[in-house]
1. When the residues of segment 397-417 are narrowed to those that are crowded, with 24+ Cβ neighbours inside 10 Å, more than 10 Å from the ligand (Cβ to nearest atom) and not charged (D, E, K, R), which ends up farthest from the chain's Cα centre (by Cα)?
2. Select from segment 350-374 the residues that are within 16 Å of the ligand (Cβ to nearest atom), buried (at least 24 other Cβ atoms within 10 Å of the Cβ) and hydrophobic (A, V, I, L, M, F, W, C) and list them in ascending order.
3. Could you please find all residues in segment 423-453 being within 18 Å of the chain's Cα centre (by Cα), within 12 Å of the ligand (Cβ to nearest atom) and assigned to a loop (DSSP other than H, G, I, E, B)?
4. Kindly evaluate residue 109 against the criterion of being in contact (Cβ under 8 Å) with a residue 12 or more places away in the chain and in contact with a strand residue (DSSP E or B) (Cβ under 9 Å, 6 or more places away or on another chain).
5. Could you check segment 229-240 and list, in sequence order, the residues that are farther than 21 Å from residue 277 by Cα and over 29 Å from the mean Cα position of the chain (by Cα)?
6. Kindly indicate whether residue 190 is in contact with a strand residue (DSSP E or B) (Cβ under 7 Å, 6 or more places away or on another chain) and either surrounded by 24 or more Cβ atoms within 10 Å (Cβ to Cβ) or aromatic (Phe, Trp, Tyr) (or both).
7. When residues of segment 301-340 are filtered for being touching a Ser or Thr at 6+ places or on another chain (Cβ under 8 Å) and in the same structural domain as residue 411 (by TED's automatic domain parsing), how many remain?
Amino acid sequence: MWVRASLRVFASGLGNRAIWARVEGLAAIPALPCLRPPSLSEKRTSMRVLFVTSEFAGLAKAGGLGDVSAALPRALIRQGVDVRVVMPAYPDVLARTSGVEVVGELPGRAEIPSCSIGRVRLEDGLVLYLLIAPSLYDRPGNPYCGPGGEEWPDQDLRFGRLSLAAADIARGIGGLNWAPDLLHVNDWPGSLAPAYLHWDGAPVPSLLTAHNVAHQGVFPASRRAALGIPESAFAMEGVEFYGNIAFLKAGLFYASHACAVSQTYAREITTPAFGGGLHGLLAGLAGQGRLSGIVNGIDESWDPARDPYLPYHFQAEDLHGKRMLAELVRTSLCLEHSEGPLFAIVSRLVHQKGLDLVAEAAPEIVRRGGQIAILGMGQPSVEHLLHRVSRAHRDQIGLLVGFNEPMAHRIVAGSDFLLMPSRFEPCGLTQLQAQHCGTLPIAHATGGLVDTIEDGGTGLLFEEANVEGLLGACHRAFEVFSHPAELLRMRRRAMARTFSWSRSAEQYRELYSLLLDGSAPSSQPHPRPKRLVRRSGLDRAA
Ligand SMILES: Nc1ncnc2c1ncn2[C@@H]1O[C@H](COP(=O)(O)OP(=O)(O)O[C@H]2O[C@H](CO)[C@@H](O)[C@H](O)[C@H]2O)[C@@H](O)[C@H]1O
């Protein structure tokens, strides 16, 4: 009962601090000590989970979901969960993996074509199931768009294929010698999976993590039959959303449980301002204890003392390498030498990220002696705004358009401050990476930014997402920068924080356990698994 009550608070995020602390306590259960980190395949496993994603960092990444997909399953495996990943076999994925073996076949449904399942075991033992459907996935570009940035017109079939494959694998179809106890789907591309499970009468529990409810996978109602959606499901209690089909809405409706990537965002999306029209459904889930918030972690490669992308390394006690990196960034972006603060932006260039506010604030930042290093790509309108302001201040503002992982690490690690005026931010990873490198985030107080930045301690938050708010925080940053002892205190405090994936993985594992043994509030009762499930120091034979 204790866990169930905690989960409900955890889920709804109601500010009862006493109970909340107990939830935090859950997250703090230490992992078993081990002298040598075992390889992923060596660990004894218990729960079987299929992690459904459209991105995977290192193989095909468009944003933060790629980072999460590459890190969270590995962290879960280290905690004894048998997690495997299913994703489309984009050309980049096939080019960057070797030894892909075709191990199964999946039937099509309606206009969704059949596909083969390729299996590859990555070097550390993580198993990926790759959906080989050349008519859908053998195209250039990133997971969602062609090389010119245009979205593919058949996105519904591309990700309907992913969703259906996940559901079918969970039902034991496809010829794999493995089936999950639970499906963990991510964002709208996997969101029809819980719906297919429901329509096919398969009692497999599912968790949907929403990394960003602004992206919902909305398609015309006329596509219903093409996706194999039963006519009766085109209803408010189903896939229908303002006369269209919405993958994310369907996932939220049919999944056993939903999760957002921070507690604050989990609360925010139950309101009209952040819920993207889904706030009613989300508030209902929260009321039933079926909406949780689990904050992301960051990859271990973001350690400034070891990061392979950094030509100079540093740590909190000796920041010489950080200064060398700042110089390298200035040179790379053709900025002039300066003793003033260097502000960083590494971001998708989209409306969400509030970079139009940076374009407005930039002349004042430069006037006070600051410089700005920007790396990103995205909407042409945002790129254009940033181009204009960087051209107006050539020696002080540098803009690199493109996706460049080594440069992202150098800019984040070498800068003094990170600008993150996001209008909304479900979790945010860059502010975690920055703090780990002693780069203080200046951020709008929203979503995961509130949950992960300590205002005045490890960064600077501002309340209103407007240029006055941003400039107010930048003025505070200049003050901090002009007091080296204060700057050092904040840097050290930021660098001392840990944002490890093991903490998030522990919370996900706990949630999986609760869903599997039926004690978490969920849309439907699921049969208990036949194996032993370990929970919070309490062993229960299921
Ligand atoms: N041009 C570039 N070159 C190289 N690297 C680049 C880059 N632009 C961005 N990156 C990297 O991509 C990642 C982006 O992370 P964000 O959290 O900002 O993700 P995003 O908004 O895409 O994801 C959504 O999902 C994530 C994951 O849950 C949430 O944290 C977030 O709030 C939500 O909006 C970071 O690792 C960053 O360093």
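1. Checking each candidate, the answer is 397.
2. 355, 358, 372, 373, 374
3. 423, 424, 425, 426, 427, 428, 429, 446
4. In short, no.
5. Within segment 229-240, 230, 231, 232 qualify.
6. Spelling it out, residue 190 is indeed in contact with a strand residue (DSSP E or B) (Cβ under 7 Å, 6 or more places away or on another chain) and either surrounded by 24 or more Cβ atoms within 10 Å (Cβ to Cβ) or aromatic (Phe, Trp, Tyr) (or both).
7. Step one: filter segment 301-340 for residues touching a Ser or Thr at 6+ places or on another chain (Cβ under 8 Å), giving 307-309, 326, 329-330.
Going one step further and asking which of them are in the same structural domain as residue 411 (by TED's automatic domain parsing), we end up with 326, 329-330.
Selection size over segment 301-340: 3.
Residues are listed down the side, and each one gets a yes or a no for (1) more than 16 Å from the chain's Cα centre (by Cα); (2) at pLDDT 95 or above; (3) not assigned by TED's automatic domain parsing to the domain that holds residue 197:
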position	(1), (2), (3)
6	yes, no, no
22	yes, no, no
45	yes, no, no
76	no, yes, no
93	yes, yes, no
104	yes, yes, no
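The values are calculated or read from the model by the stated rules, or taken from the named source; none is laboratory data. As the structure is a prediction and not an experimental result, all values here were calculated from the model. Because the Cβ atoms are built from the backbone with ideal geometry, glycine has one as well, and the counts that use them run over all protein chains shown.
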